[in-house]
Amino acid sequence: MRAPVFRDHGVPAEVLELASLPDPGPPAPDQVLIRVLVRPIHPGDLVGVRGQSGARATGRPTRPITPGLEGMGIVEATGSPGQGPPLGARVAFFPAPGAWAEFVLAPAEFVVEIPDDVSDTTAALMLVNPLTLAMLMRAVEDALRDGRRTVVQTAAGSSIGTLVNAAAHRHGLRLINLVRDPAGAQRLRARFPQTPVVTTSDQDWPDQVRAAADGDVPVVLDAVGGELTADLVALLADGGTLISYGQLGTGSTAREALPLTRRELTLRGVSVGRWALLPPEQRAEDLAFATQLARTRPELFAVAATYDLGDLAAALDHVARPGKDGTVLLTNPIPE
């Protein structure tokens with residue numbers, strides 16, 4: 001089977017290559033063998049390729065690694081016949097390491113049948129980002145204690161940022177969006193005209209945020225981190241919370257430089273990588289939410305472009321383009 005692999009950490013375009021690997025063996029009990037048709041290139045996938053885990057680099061791989069945790073495809077075999085999706089069913093899956101390969105073995109409990117009215121491309125995106133949204137909204141509700149409902153979010157034009165925008169009204173949030181440049185701000189205002197947008201390339205952007213919020217803010221949702229962290233923390237009201245769920249930015253901020261103790265601030269991390277550890281009842285509720293969102297709001301699952309696995313270099317180049325709208329997908333057709 002074809003599979004993108006990396007043998008050392010580094011810049012994805014430099015260390016990833018397309019390899020020919022043996023097909024997976026037969027599924028064990030409670031596993032499903034899936035022929036993967038579509039899989040997304042998520043920022044978190046590339047963080048793993050770079051070897052970053054928070055502020056620390058991970059060790060050098062001892063074997064070739066195929067990235068990816070999410071995708072959609074066709075059930076080829078099951079380890080527990082009569083349980084789970086039937087042979088030939090269209091399914092979405094997460095988490096299943098090695099999702100960028102043409103075949104993957106996935107735990108049956110993390111495989112979801114795709115409704116007929118959901119397209120393949122939407123199905124390939126219907127788990128990671130909606131599940132992240134569900135986890136973020138729970139974290140926001142935990143942090144909003146004083147009745148104020150103002151939330152600032154960075155990377156507001158990203159795929160998850162778009163989902164947060166769509167969910168804000170339902171959750172009664174007063175959202176303020178942060179983006180990097182005027183072009184991104186223009187696109188976001190056109191899509192969500194009722195929500196304030198502030199461009200961090202403006203020198204006075206913190207003052208613009210405070211004006212939109214009528215003062216300090218109780219919660220910041222941050223996917224950027226890095227050197228922006230100190231400015232975001234400065235926006236928080238005393239007792240406020242910064243919820244971090246990504247590291248798209250550059251540079252770093254020393255924790256000792258932040259007034260956490262004096263102002264009783266909270267830094268909280270949220271990672272969809274821990275979703276599988278949630279109680280089964282919560283996971284079932286989240287999966288039902290993700291499936292319903294894919295059925296009713298497919299426009300929220302924007303696709304920037306699709307590339308065959310053989311065009312891996314072009315796909316990675318597209319991912320790095322400034323102003324990209326949507327997620328880049330890697331595809332391979334069903335053989336005749």
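The values are calculated or read from the model by the stated rules, or taken from the named source; none is laboratory data. Since this is a predicted model, take the numbers as computed values, not measurements. With ideal geometry, Cβ positions are generated from the backbone for all residues, glycine too; neighbour counts draw on all protein chains shown. The protein model used for the area step is the full one, side chains on, heavy atoms only, and it has no ligands, DNA or RNA in it. Shrake-Rupley method; radii C 1.70, N 1.55, O 1.52, S 1.80 Å.
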> Given the structure, is Leu228 touching a Lys or Arg at 6+ places or on another chain (Cβ under 8 Å), in contact (Cβ under 8 Å) with a residue 40 or more places away in the chain and open to solvent by less than 50 Å² (accessible area, probe 1.4 Å)?
Replying inline: no
>> Out of everything in region 297-314 that is over 16 Å from Asp325 (Cβ atoms) and without any contact (Cβ under 8 Å) to a residue 24 or more places away in the chain, what residue ends up being most open to solvent (accessible area, probe 1.4 Å)?
In response: Asp311
>> Need the failing condition index for Val47 against (1) open to solvent by less than 10 Å² (accessible area, probe 1.4 Å); (2) of a type in the set (A, V, I, L, M); (3) assigned to a helix (DSSP H, G or I); (4) touching a residue at least 60 places away in the same chain (Cβ under 8 Å), just the number.
In response: (1)
> Taking Arg170 and the conditions (1) open to solvent by 50 Å² or more (accessible area, probe 1.4 Å); (2) modelled with pLDDT of 95 or more; (3) not β-branched (Val, Ile, Thr), which numbered condition does it fall short on, given that it satisfies the others?
Replying inline: (2)
> For region 55-72, how many residues are part of a loop (DSSP other than H, G, I, E, B) and open to solvent by less than 30 Å² (accessible area, probe 1.4 Å)?
Replying inline: 5
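Scanning region 241-275 for residues that are in a strand (DSSP E or B) and without any contact (Cβ under 8 Å) to a residue 60 or more places away in the chain, which turns out surrounded by the fewest Cβ atoms within 10 Å (Cβ to Cβ)?
Step by step, filter region 241-275, then rank; the result is Gly269.
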> Which of the residues that make up region 1-19 are under 22 Å from the mean Cα position of the chain (by Cα), over 21 Å from Gly59 (Cβ atoms) and assigned to a strand (DSSP E or B)?
Replying inline: Ala3
> Looking at Glu109, is it within 21 Å of the chain's Cα centre (by Cα) and of a type in the set (Asp, Glu)?
Replying inline: yes
> Quick check: anything in region 198-221 open to solvent by 10 Å² or more (accessible area, probe 1.4 Å), hydrophobic (A, V, I, L, M, F, W, C) and within 22 Å of the chain's Cα centre (by Cα)?
Replying inline: no
>> Tally up the residues in region 112-138 that are over 14 Å from the mean Cα position of the chain (by Cα), surrounded by 19 or more Cβ atoms within 10 Å (Cβ to Cβ) and among the small types (Gly, Ala, Ser), please.
In response: 1
>> Can you go through Pro26, Pro22 and tell me which one is touching a Gly at 6+ places or on another chain (Cβ under 8 Å), not in a strand (DSSP E or B) and not small (Gly, Ala, Ser)?
In response: Pro26
> Out of Ala294, Ala284, which single residue is out of contact with any strand residue (DSSP E or B) (no Cβ under 7 Å at 6 or more places or on another chain), in a helix (DSSP H, G or I) and free of Cβ contacts under 8 Å to residues at least 24 places away in the same chain?
Replying inline: Ala284
> Of the residues Ala211, Ala185, which single one is in a helix (DSSP H, G or I) and within 16 Å of Ala156 (Cα to Cα)?
Replying inline: Ala185
> If you go through region 278-288 one residue at a time, do you hit one that is within 30 Å of Glu227 (Cβ to Cβ) and within 17 Å of the chain's Cα centre (by Cα)?
Replying inline: no
> Of everything in region 231-240 that's of a type outside the set (Asp, Glu) and in a helix (DSSP H, G or I), which residue is surrounded by the most Cβ atoms within 10 Å (Cβ to Cβ)?
Replying inline: Leu232
>> Taking the criterion of being surrounded by 18 or more Cβ atoms within 10 Å (Cβ to Cβ) and of a type in the set (D, E, K, R), would at least one residue in region 279-296 satisfy it?
In response: yes
> Out of all the residues in region 292-301, is one or more of a type outside the set (Phe, Trp, Tyr), touching a Pro at 6+ places or on another chain (Cβ under 7 Å) and closer than 25 Å to Val151 by Cβ?
Replying inline: yes
> Of all residues in region 30-51, how many are farther than 17 Å from Pro64 by Cβ and at pLDDT below 95?
Replying inline: 4
